[in-house]
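In what follows, a single structure is set out as structure tokens and then discussed.
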Amino acid sequence: MTPTGLRERKKRETRLALSQAAIRLCVLHGWAEVTIDRIAAEAEVSVRTFRNYFGSKAEAIAASHVERMLRIGDDLLARPGDEPLWDALLQATLSQFAPPHGAAPPQNERWREGVRLMLAEPALAGEMVKANAAAQEQLAEAVARRTGTDPRRDVYPTLVAAVVAAGSAVAVEHSLRADGPAPLGALLAQVFEQLAAGLPAPIAAPEEA
């Protein structure tokens, strides 16, 4: 689904390094304090290299979302063919949103608050909309290959990609706004369990007399 040539792989790695540097700096220091020069220095590349990939720091930040969906699609296609689709999608999503313990830096309350502030930045909104559309298109291609459907003809792969994107966003939002620790992996598992079950309506608790 994604380019495998050495040159394309290097370009993809550079894009991701710049995107992650932009996210890290904005979360830790605030949107207004982060310049393109500072992002380039953090990623150990020139400003010219940054501008070869992105037109703004907002575009750089949003690029991580597209890359994540590309990797989810790659992981989905690599999973056993006889695995139920929603189980495979959950495991592929977990591998990118909730890596094993120790594989990602700890995200304390300061980090979570920084992420909340960054995502609320008006300048980022438009780029995230564009990134989400591109990400869903990439994931739909992977779902189509997995299910033998055609995203240009069949509704199913595009619908699944949109649902995965929306469900993942809900899990992330709940994790960020929780009062205490809210493991993203557990929230994602809950989301996908409900999606696989067809989103049954919750059974209301009986009112006390």
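The values are calculated or read from the model by the stated rules, or taken from the named source; none is laboratory data. None of these values were measured; they are calculated from a predicted model. No Cβ is skipped: glycine too gets one built from the backbone with ideal geometry, and neighbour counts run over all protein chains shown. With ligands, DNA and RNA removed, areas are computed over all heavy atoms of the protein, side chains included. Shrake-Rupley method; radii C 1.70, N 1.55, O 1.52, S 1.80 Å.
Considered as a group, the residues in the range 173-188 that are open to solvent by 40 Å² or more (accessible area, probe 1.4 Å) and in contact (Cβ under 8 Å) with a residue 12 or more places away in the chain include one that is nearest to residue 98 (Cα to Cα), and that residue is 183.
Of all residues assigned to the range 107-114, at least one qualifies as being under 23 Å from residue 60 (Cα atoms), in contact with a Cys (Cβ under 9 Å, 6 or more places away or on another chain) and either at pLDDT 95 or above or not charged (D, E, K, R) (or both).
Being under 30 Å from residue 157 (Cα atoms) and either assigned to a loop (DSSP other than H, G, I, E, B) or at pLDDT 95 or above (or both) holds for only one residue in 77, 18, and it is 77.
Annotation: of all residues in the range 96-106 being surrounded by fewer than 17 Cβ atoms within 10 Å (Cβ to Cβ) and aliphatic (A, V, I, L, M), the one that is modelled with the lowest pLDDT is 103.
State yes or no: is residue 32 among the aliphatic types (A, V, I, L, M) and either under 30 Å from residue 151 (Cβ atoms) or open to solvent by less than 80 Å² (accessible area, probe 1.4 Å) (or both)? Here the answer is no, as residue 32 does not meet what is asked. Looking at the structure I just gave you, is residue 202 of a type outside the set (Gly, Ala, Ser), under 20 Å from the mean Cα position of the chain (by Cα) and more than 26 Å from residue 77 (Cβ to Cβ)? Answer is no for this residue. Of all residues in the range 153-163, at least one satisfies being farther than 18 Å from residue 23 by Cα, open to solvent by less than 10 Å² (accessible area, probe 1.4 Å) and not hydrophobic (A, V, I, L, M, F, W, C). Could you list, in sequence order, all residues of the range 53-76 that are closer than 12 Å to residue 97 by Cα and open to solvent by 10 Å² or more (accessible area, probe 1.4 Å)? If the condition is that a residue be closer than 12 Å to residue 97 by Cα and open to solvent by 10 Å² or more (accessible area, probe 1.4 Å), then 64, 65, 67, 68, 71 are the ones that fit.
So which residues in the range 1-52 are closer than 23 Å to residue 122 by Cβ, among the hydroxyl-bearing types (Ser, Thr, Tyr) and touching a residue at least 24 places away in the same chain (Cβ under 8 Å), if there are any at all? Selection gives 19 alone. Contact annotation: residue pairs with Cβ atoms under 7 Å, 6 or more positions apart or on different chains, pairing a residue in the range 136-160 that is within 25 Å of residue 194 (Cβ to Cβ) with a partner that is open to solvent by 70 Å² or more (accessible area, probe 1.4 Å) and modelled with pLDDT of 95 or more, are 147/156; 149/156.
A single member of 58, 41 is modelled with pLDDT of 95 or more, assigned to a helix (DSSP H, G or I) and more than 21 Å from the chain's Cα centre (by Cα), and it is 41.
Checking each residue in the range 1-15 for being open to solvent by less than 70 Å² (accessible area, probe 1.4 Å) and at pLDDT 85 or above picks out 12, 14. In this structure, does residue 170 turn out to be touching a helix residue (DSSP H, G or I) at 6+ places or on another chain (Cβ under 8 Å), open to solvent by 60 Å² or more (accessible area, probe 1.4 Å) and of a type in the set (A, V, I, L, M)? So residue 170 passes the test.
For residue 170, are the conditions met, namely being in contact with a Ser or Thr (Cβ under 8 Å, 6 or more places away or on another chain), under 30 Å from residue 113 (Cβ atoms), part of a helix (DSSP H, G or I) and aliphatic (A, V, I, L, M)? The answer is no for residue 170.
Among the residues of the range 80-95, those identified as in contact (Cβ under 8 Å) with a residue 24 or more places away in the chain and open to solvent by less than 70 Å² (accessible area, probe 1.4 Å) are 85, 86, 88, 89, 90, 93, 94, 95.
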